[in-house]
Amino acid sequence: MLEWKKNVRFVEPYVPGEQPKEEGIIKLNTNENPYPPSPKVVNLKMDLEKLRIYSDPEALELVSAIAGYHGLNNDQVFVGIGSDDVLAMSFMTFLNSDKPILFPDITYSFYDVWAKLLRIPYETKALKDDFSINIEDYYGENGGIVFPNPNAPTCLYMPLDNIRGILDHNRDVVVIVDEAYIDYAGESALSLIDDYDNLLVVRTFSKSRSMAGLRIGYAMGNSELISALNSVKFSFNSYTMNYLQIKLGVESIKDDVYFKDMIAKVKNTREWFSKELKRLGFSYPESSTNFVFATHNRVPAKELFEAAKKEKIYLRYFANLRIDNYLRITIGTDEEMKRLVEFFEKYLTNN
Ligand code: PMP
């Protein structure tokens, strides 16, 4: 073995969904929004000469637009390069106990990658058979808790009373609620941050705001949590947010009418598509996200995944325990979902 290899931090990385380069595909594999960002974002004239100087290390314009939107103070908001960056920073900042952190066995598959990278001990808690979270699993001693609400890829929303239950049993550790998909679901845990100083709520511009390519995520919580996050961020990289992210992020926040319209459109398509799936012999947990998680009563998910890909329709398949017969299908435009239904109809008739 080469000597230097002894000092390398070898990790098994997170594998994001494919971003195929070919034209004419239907891309339903990474939970992107099928609609463009707000016209205010698309049409904003920017002074690119400004790229000459460093961006505002505090990204104050963006922080204060987000804070204003949610009725918070600026010192209750932290911004980062997508919620992946915000979550990674939160793991680094808050999860430094010798006790294991807890998260569900079926969940966002980046959590265990960050835990391993940062050498954080962790334990997973099995979801119930219907994929719901058993909140009592989170009542024992631990070094912190993280879960998405709604959960991914199961698409199930957990009511706030249950989150309150988890928080009431965990006053001494930080509880991170990853709300990447909350705009397609129910009430946000944001309403609890005044009651629980250990609650951090994380959001993204990648899904409901149609800006996955720009990379903006944020965390909201008690000002002491946010201050701790900022100290770690400024010990790592001062200029995480660039001029484009700051300017375009603010424009997105300004256009609430468009934002709500696009959410309603995706939800409508989701309701129609879910009924079609049922008709075709699929079953699924009721979706509170911009994707559905479905299994067919006869044909294996892997086979459908591969057959769809041959027709240039990209879905997501996870070869993981308990979910290896499920497809995660992002909600696209009505037209895209009709094409997928036609594909399923034809394939299931002939196979
Ligand atoms: N959390 C969950 C549950 C997700 O599914 C995703 C999307 N992969 C993210 C966080 C990260 O999204 P982004 O970094 O684009 O904000």
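General remarks:
- Some residue of region 178-187 being surrounded by fewer than 19 Cβ atoms within 10 Å (Cβ to Cβ), in contact with a Gly (Cβ under 8 Å, 6 or more places away or on another chain) and free of Cβ contacts under 8 Å to residues at least 40 places away in the same chain: no
- Test for G221: is it closer than 22 Å to A65 by Cβ, away from the ligand (no atom under 16 Å from the Cβ) and crowded, with 22+ Cβ neighbours inside 10 Å: yes
- Just one of (1) more than 23 Å from R270 (Cβ to Cβ); (2) within 16 Å of the ligand (Cβ to nearest atom); (3) surrounded by fewer than 17 Cβ atoms within 10 Å (Cβ to Cβ) fails for D172. It is (2).
- The set of residues in region 15-36 being outside any loop (DSSP other than H, G, I, E, B) and more than 16 Å from the ligand (Cβ to nearest atom) consists of I26 alone.
- First in region 336-351 and more than 15 Å from N297 (Cβ to Cβ), second anywhere and at pLDDT 95 or above and part of a helix (DSSP H, G or I), Cβ under 7 Å, 6 or more apart: M337/T269; M337/F273; V341/E276; F343/A308
- Evaluation of M158 against (1) closer than 20 Å to Y184 by Cα; (2) in contact (Cβ under 8 Å) with a residue 60 or more places away in the chain; (3) not polar (S, T, N, Q) (one fails), failing number: (2)
- Residue count for region 175-207 satisfying the condition of being acidic (D, E) and within 14 Å of the ligand (Cβ to nearest atom): 3.
- Residue list for region 2-49, restricted to those being loosely packed, with under 12 Cβ neighbours inside 10 Å and on the phi > 0 side of the Ramachandran plot: G24
Yes/no matrix, rows are residues, columns are (1) over 24 Å from A219 (Cβ atoms); (2) under 22 Å from the mean Cα position of the chain (by Cα):
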residue	(1), (2)
G24	yes, no
N33	no, yes
S55	no, no
F78	no, yes
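- G213 meets each of the listed conditions (1) buried (at least 17 other Cβ atoms within 10 Å of the Cβ); (2) within 16 Å of the ligand (Cβ to nearest atom) apart from (1).
- Of the numbered criteria (1) surrounded by fewer than 16 Cβ atoms within 10 Å (Cβ to Cβ); (2) under 20 Å from the mean Cα position of the chain (by Cα); (3) within 21 Å of S55 (Cα to Cα), the one L229 fails is (1).
The values are calculated or read from the model by the stated rules, or taken from the named source; none is laboratory data. Computed from a predicted model, the values in this text were never measured in an experiment. Because the Cβ atoms are built from the backbone with ideal geometry, glycine has one as well, and the counts that use them run over all protein chains shown.
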